[in-house]
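Worksheet for the structure shown next.
The values are calculated or read from the model by the stated rules, or taken from the named source; none is laboratory data. Note that this is a predicted model, so its numbers are computed, not measured. All Cβ positions, glycine included, derive from the backbone under ideal geometry; neighbour counts span all protein chains shown.
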Amino acid sequence: MSIKDITVIITSFRSGKKIKNCLNSIDREIKVLLIENSNDSNIKNNIEKEFNNVECILTGENLGYGKSNNIGLKKVTTKYALILNPDTLLHSSAIENFIKTTKKIAEFAIMGPYIQEEKSKKNKSQLNNLTPVQVTNVKGFAMFLNLSEFKDVGFFDENFFFYFEEIDLCKRLGNHGKKIYLVPDIIIHHEGGVSHEESIKREMELSRNWHWMWSTFYYHRKYKGFFISFLIILPKLSSAIIKVLIYSLIFNKEKREIYYQRLSGLINAILGKSSWYRPKV
């Protein structure tokens, strides 16, 4: 196996300078598919001009994490795919260590790296003595996929727009007896929550809150049925209602909007509606 056997897939939405930082951390010999959730031809032209290993695909609209990644995965012709968020940076040894690990673990569906988050003080030295460990799921902003293991499972459930997509995928893989590993000596830096332009930060925050609640209920309902799922989310539903009322009474518009979006996302999921909310940008 070599780097020629890997394709990197990055899903972005007006990611600004972050996407270029990410691309600069990737070896230029590795094919990259950038799925840009807009119709901005300037982004496509600028990226493809600067990075000769990148093919930028414009979706024309914001399709969400799962559907966008599926577009990339269906175009991949290599044996492996590495899914990255635009606010990640590959450590210089990351790809080399992925390759080394595939030689140690022949049967796997997904490998997840150790991820250093900007907001976390966790020290990698805590993990130095750990070998790859089998887990039930890994975080979605860096996933190394062995595509031959997905024939009977498929890729992401496109009903999710944001949140729970990777958890759902890992659960389906596990139900089919596929193996998922966490590999501590593969390092990827993740800033978290900064994968888009600063100018749309507020709208993206509202969108995240809506979809967090919608996806929570949809995921549980998918595997546990309506009644049990309703009991699981009832405390969140009650909390959202109470906080909308409280923040309305004290005229805290910013907080009220957040909990209103959570409430709206939950109600839409309970009523069986699709994850229709999109950032107003």
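In this structure, is Ile71 farther than 19 Å from Glu29 by Cα, touching a Cys at 6+ places or on another chain (Cβ under 9 Å) and modelled with pLDDT of 95 or more?
In short, no.
Restricting the first residue to region 83-103 and requiring it to be under 18 Å from Asp5 (Cα atoms), which pairs with a second residue that is at pLDDT below 90 and of a type in the set (D, E, K, R) meet a Cβ separation below 6 Å and a spacing of at least six or different chains?
Going by the 6 Å Cβ cut-off, the qualifying pairs are Asn97/Asp185.
Taking region 33-84 as the search range and keeping residues that are acidic (Asp, Glu) and assigned to a helix (DSSP H, G or I), which one is surrounded by the fewest Cβ atoms within 10 Å (Cβ to Cβ)?
Glu50
Consider Tyr219 carefully, then state whether it is within 30 Å of Asn175 (Cα to Cα) and assigned to a helix (DSSP H, G or I). Explain how you work it out, then say what you get.
On the way: within 30 Å of Asn175 (Cα to Cα): yes; assigned to a helix (DSSP H, G or I): yes.
Criteria met by Tyr219.
Considering only residues that are on the phi > 0 side of the Ramachandran plot and of a type in the set (Ser, Thr, Tyr), which ones fall in region 5-44?
none
Among the residues of region 13-24, write down those that are over 13 Å from Glu55 (Cβ atoms) and buried (at least 17 other Cβ atoms within 10 Å of the Cβ).
Scanning region 13-24 gives Phe13, Arg14, Ser15, Gly16, Lys18, Ile19, Cys22.
Glu36 passes all but one of (1) farther than 21 Å from Arg278 by Cβ; (2) touching a Leu at 6+ places or on another chain (Cβ under 6 Å); which number fails?
(1)
Has region 109-117 got any residue that is over 24 Å from Glu191 (Cβ atoms) and modelled with pLDDT of 90 or more?
Yes, region 109-117 contains a residue that is over 24 Å from Glu191 (Cβ atoms) and modelled with pLDDT of 90 or more.
Do you know which residues across region 1-32 are over 16 Å from Phe141 (Cβ atoms), part of a strand (DSSP E or B) and aliphatic (A, V, I, L, M)?
The one that is over 16 Å from Phe141 (Cβ atoms), part of a strand (DSSP E or B) and aliphatic (A, V, I, L, M): Ile6.
Checking Ile186 against (1) modelled with pLDDT under 95; (2) in a helix (DSSP H, G or I), only one condition comes out false. Which one?
(2)
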